[in-house]
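For reference, the structure discussed in these notes is given below.
Read the figures in this text as sums done on the coordinates, not as results from a lab. As the structure is a computational prediction, the values presented were derived from the model and not from experiment. We place every Cβ from the backbone using ideal geometry, glycine too, and count neighbours over all the protein chains shown.
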Amino acid sequence: LKLRIIENNVEDVYICLDPDARKNAIDTAEYLIAKGVNVYLCNLGESDPNEIGFQGMKRIIQSTPILTRDDLFKEKILCNM
């Protein structure tokens, strides 16, 4: 999937995964940012997207800021604690 994103010159990617997949989401975000893709890492708290529902996910996506390199560094530290 990451390769297809790069091959198709996707500019923006929103990553919305449940907390169990947070480390994988951060690894994916790091890869995509290094390739010049704007990444938005949605914070779902302790819920998964199915629990939040369509309207709730829409609100989360619309309010999620772009993930900066500083934010990515902080996320990596938090995942390794």
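Quick notes on this structure:
- Overall form of the chain per C-alpha gyration tensor (a/c, 1.5; a/b vs b/c): oblate
- Considering only TYR14, CYS42, THR68, the residue lying farthest towards the positive end of the dipole of the chain is THR68, judged by Cα position with unit charges set on Cβ.
- In the stretch 14-63, the GluC sites (Glu not before Pro) that fall in loop regions by DSSP, at most 11 other Cβ within 10 Å: GLU46
- Under a model in which nothing but the beta-carbon of Lys, Arg (+1) and Asp, Glu (-1) is charged, the chain shows a dipole of about 160 debye around its Cα centre.
- Inter-label distance, nm, simple model (7 Å from Cα along the C-beta direction), LYS23/ASN38: 3.1
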